[in-house]
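A.B. asks: First the structure, then my questions, so here it is.
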Amino acid sequence: MYKIFEQLCKSRGVTPYFVGKETGVQNATLSAWKNGRYHPKDDKCHMDYSPIDEESLKRHNAYHKKFMTIQKRYGLVIPSRAEAEKERMDALAVLRDIKYDKFRRISAFSNYAKYDFVCALYASDFDLNVDLDAYTVQQAEKLSPDDTISMSLCNAIRAEFGVDVYKKDLSISITEREYRLIQNYRSLPPDAAALIDKILDVGNEDREAQ
C-alpha cells in the first residue's frame with residue numbers, strides 16, 4: 001500500500017514528508033509504514049485519500065477490501081512480503097546459532113514459523129487452507145536433528161508444539177552441552193585439536209590394532 005502512496009505523491013509533485021507535515025502524520029510513522037512495521041488502521045486508511053482517477057480508486061478499494069479480509073481470515077496482521085522474509089531469515093539465524101540457549105532458540109522457531117507462514121501466504125496468493133497454529137505444528141513435525149540443531153533441542157521444540165519426540169537414532173543422541181563441546185572442538189586450529197586428541201588419548205585403539 002505504501003507504494004501506491006509513493007506513486008500518488010510522485011504524480012502530484014510532492015514528497016511523503018510534505019504530505020505528513022500537511023496532514024499531521026509524523027515522519028516516524030511514515031518511515032515505519034514504508035519499512036512494513038506499521039499498517040494504517042481500517043478507520044484511517046481512506047483519510048484524505050485523493051486518487052489519481054476513478055480506476056485508481058477502484059484498484060485501491062479492491063486491494064483494501066482484500067487485505068482486510070485476509071487479516072480477518074488468518075487472525076494476524078500481515079506485514080509486507082519483504083519484512084516477512086527478513087524476519088523469517090533473522091529467526092532462522094538465531095534458531096541455528098548454538099551460542100543461544102534453548103529457550104531463545106525455541107522462541108526463534110516460533111517466529112520463524114510465523115513469518116514462513118506469511119511468506120507462504122504471499123506465495124499462495126493468500127489462499128492457504130490452514131491457520132498459523134496448524135502451520136506451526138506442521139513445521140515442528142518436519143523438524144529433525146542436523147549439524148546445528150541437536151536431538152535435545154529438536155525434541156524440546158517438538159514438545160513445545162505438541163509433536164511427538166524425534167525417535168530416529170536415539171541411541172546416538174547427545175545432550176545440548178555435549179553438542180556445544182563438539183562444535184567448539186570442530187572450530188579449533190588443527191594443532192590445538194591434535195593436542196586435545198593426545199591428552200584424551202584419542203586414536204589409541206587404532207594404534208593398538210596396528
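Just so you know, all these numbers are worked out from the coordinates, no wet-lab data involved. Predicted model, so just to flag it, every value in this text is computed and none were measured. Cβ sites come from the backbone with ideal geometry, for glycine too, and all protein chains shown count toward neighbours.
A.B. asks: The stretch 57-162: which trypsin sites (Lys or Arg not before Pro) are DSSP loop and have at most 12 other beta-carbon atoms within 10 angstrom?
C.D. replies: K99
A.B. asks: Right, here's the next one. Are any of the pairs K58/K86; K99/K142; K34/K72; K167/K198; K72/K114 more than 26 Å apart by Cα-Cα distance, and if so, which?
C.D. replies: Over 26 Å Cα-Cα: K58/K86; K167/K198.
A.B. asks: Here's a follow-up. Please compute the length gained on full extension between N61 and T148, using 0.36 nm multiplied by the number of residues separating them and subtracting their Cα-Cα distance.
C.D. replies: Extra length available between N61 and T148 comes to 26.7 nm.
A.B. asks: Spin-label point model (7 Å from Cα, Cβ direction): what's the V77 to A193 distance in nm?
C.D. replies: Here the modelled spin labels are 4.7 nm apart.
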